[in-house]
Each structure stands twice: as structure tokens, then as C-alpha cells.
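Here the structure comes first, spelled out in C-alpha cells, and everything after it is commentary.
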Amino acid sequence: MNLSQLQSFIALAETGSFTEAAYAIDLTQSAVSHALSALEKELGVTLIERNRKGVVALTATGQRIIPHARALLASASAIEQEARVERGLAMGKLRLGSMLSIISPNLLASVMTRFQQRYPDMEVVLFEGAMHEVGDWIEKSVIDVGFVLLPPEEGREHTLIMSDELCVLVPEKHRFSKQDFVTGSDLREEGLIIEKSQCALQLMKMAGTDLGRHLPHVRYQASDSATILAMVREGLGVTLMPRMMLPERLDGMSALSLDPPQYLQIGLSVRSRKTISPGANLFIQTALDWMREQEANGSRYAQSA
């Protein structure tokens with residue numbers, strides 16, 4: 001068993017295609033096929049099933065083995081990075097996870113830019129998903145470090161980066177628009193527009209908003225935050241959104257605080273401090289330094305925090 005075989009196995013599982021897997025790890029299709037065959041022969045089991053259209057899927061055995069394969073590759077990458085650090089080099093690959101509709105694209109891009117300026121030889125591979133997906137990716141070693149809401153699930157370690165206020169976004173002619181804040185009981189009478197993942201309701205629970213036994217009415221669900229903003233602007237309902245995710249201009253809308261105010265604690269999480277890669281450590285430190293600069297400059301990110 002070697003790293004090339006494990007890379008091919010993981011790439012096939014993630015892409016579902018020999019063509020895309022070969023492209024992802026810069027090998028030929030025949031090399032990927034040979035690596036998989038050699039791995040299966042050595043283990044004596046079938047890991048991947050392929051249909052007539054060339055689409056591949058993990059077998060039950062493959063599903064049980066792949067978390068271990070990812071952990072082995074992550075450890076191998078960390079070993080290589082540690083050796084490079086000892087030689088005064090910061091290079092390698094960092095797999096970063098981010099939460100859609102919670103982490104501002106501008107914030108993410110700013111921190112990534114600072115990281116690339118400091119460590120130009122570090123390659124960053126970005127994974128974006130829902131809250132539970134990022135947590136799952138950390139647990140399964142799909143990513144090295146990920147933005148999460150704190151506290152994270154038990155067993156993972158984290159570093160607090162910032163906090164962000166959870167806001168209620170309403171159309172400008174809404175009955176709430178002249179108010180400074182909205183209570184949980186107010187929301188029970190409103191039609192909410194939320195993501196299809198029901199991320200908004202999870203945010204309310206995590207932020208401590210108590211709606212008792214009566215959940216608000218979900219009027220619409222959408223996948224994209226820009227769609228949700230447009231629907232709120234047209235008066236189709238109200239939504240919940242972290243303040244950092246709000247556009248700089250709220251044309252046709254008003255952003256209100258909850259009463260009492262609710263804040264989301266945002267951090268960077270890793271599976272274990274003992275096995276964290278140097279690249280992940282460098283990214284966490286870069287994010288902390290960036291946030292301190294925002295606080296010193298009084299930016300909108302620091303104001304959210």
C-alpha cells in the first residue's frame with residue numbers, strides 16, 4: 001500500500017469519475033485505474049463499483065475504509081509540512097472548510113489573501129458547505145481546518161476568531177422596520193424565508209433565541225442568500241442573517257437586532273491539536289492576526305465582533 005494508491009482511491013470517491021479523479025491528482029486515467037486495482041488486490045476487497053456509464057461509487061467496505069485512508073493522507077501531509085518547516089520552508093496543501101451563508105465571502109477572501117501573501121508556496125483548497133457538512137469534513141479528515149460555530153461538537157478543538165450578531169432582515173415597509181429590535185415572540189407571527197438546509201432555525205437555536213414550543217412559520221425556502229435577500233426586498237417575508245453577511249447597502253430593507261441581542265461565536269476548528277498540520281496552524285494564526293488588524297482599524301468586521 002502506498003500514498004499514490006490512497007490518493008487515487010480518495011479522488012475516485014470524491015469525484016465519482018476516473019476522468020475527474022485523474023485530473024484532480026494529476027495522473028493519467030490508466031494510472032488511477034492501476035493504483036485502485038493494486039490497492040484492492042493487496043487488501044483483498046472491492047472498494048469501488050463502476051457502472052456502464054463510468055460513474056463510480058464506494059462499496060460498503062469502501063465507505064468504512066475511506067475515513068482511515070483520509071486520515072493516513074492527512075498525517076502524511078502533516079509529516080511533510082513539519083519537515084519543510086524544520087528546513088525553513090512553508091509549503092504544501094491546506095484544505096480549508098467554510099460555512100455558506102454564515103462566513104462572509106469578503107471576510108473569507110481577505111483572510112485567504114493575507115495567508116497567500118505570507119505563505120505563497122502554500123496551496124489552499126477550499127471546501128464550502130452547510131454547518132453540519134464542515135463538521136463532518138473535519139471529523140473525516142476531508143479538510144485540515146474549518147470555520148465553525150462554537151462550541152463545536154465534542155471531540156474537536158477550536159480557536160475563537162470573532163463573534164457576529166444575528167440580525168432580522170425585513171422589507172423597508174414592514175411593520176418592524178421602524179423598530180430597533182425584534183423579540184422571539186414577534187417572529188412567531190412572521191413568515192420566514194430560510195435556506196433549504198433550515199440553517200436559519202439552527203442559527204436561532206445556537207444563538208439562544210427561545211421560541212418556546214411555537215416555531216415560526218417557514219413561508220419560503222431558497223438555496224442562495226442573494227435569492228433570499230431579493231425575496232425579502234420584495235416583501236415576501238423576513239429572514240435571519242449574520243450581520244457580516246448583509247450587503248453594504250440595504251436598499252429596500254432594514255436590519256434589526258434581536259431582543260435580547262444574539263451573537264454567534266465563530267472559530268476555526270481542527271480534529272486534534274496533536275495532529276494538526278503546520279499549514280493549519282499558520283492559517284489559524286493568520287486569521288487571528290487579520291482580526292486584530294480589523295479591530296485596530298475599526299472595520300465592519302470588528303464592529304460585528
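Just a few scattered comments:
- First in region 73-100 and in the same structural domain as residue 227 (by TED's automatic domain parsing) and of a type in the set (Phe, Trp, Tyr), second anywhere and modelled with pLDDT under 80 and surrounded by 21 or more Cβ atoms within 10 Å (Cβ to Cβ), Cβ under 7 Å, 6 or more apart: none
- The one condition in (1) among the hydrophobic types (A, V, I, L, M, F, W, C); (2) more than 23 Å from residue 69 (Cα to Cα); (3) assigned to a loop (DSSP other than H, G, I, E, B); (4) under 11 Å from the mean Cα position of the chain (by Cα) that residue 143 fails to fulfil: (2)
- Pairs, first over 12 Å from residue 14 (Cα atoms) in region 55-71, second in a strand (DSSP E or B) and among the charged types (D, E, K, R), C-beta under 6 Å, six or more apart: 59/49
- Flag for residue 227 being hydroxyl-bearing (Ser, Thr, Tyr) and at pLDDT below 90: no
- Extreme residue, surrounded by the fewest Cβ atoms within 10 Å (Cβ to Cβ), among residues of region 242-290 that are of a type in the set (Gly, Ala, Ser) and in a loop (DSSP other than H, G, I, E, B): 272
- For region 8-29, a residue qualifies if it is touching a residue at least 12 places away in the same chain (Cβ under 8 Å) and among the polar types (S, T, N, Q), and the qualifying residues are 8, 17, 19.
- Residue that is farthest from residue 18 (Cα to Cα), among those in region 30-54 that are exposed (fewer than 13 other Cβ atoms within 10 Å of the Cβ) and touching a residue at least 24 places away in the same chain (Cβ under 8 Å): 42
- Counting only residues that are surrounded by fewer than 18 Cβ atoms within 10 Å (Cβ to Cβ), under 21 Å from residue 279 (Cα atoms) and touching a residue at least 60 places away in the same chain (Cβ under 8 Å), region 125-154 holds 2 of them.
- Considering region 1-108, the qualifying strands (runs of 3 or more DSSP E), each wholly inside and each with 3 or more residues that are within 28 Å of residue 148 (Cα to Cα), run over 92-99.
The values are calculated or read from the model by the stated rules, or taken from the named source; none is laboratory data. These numbers come from a predicted model, not from an experiment. Cβ sites come from the backbone with ideal geometry, for glycine too, and all protein chains shown count toward neighbours.
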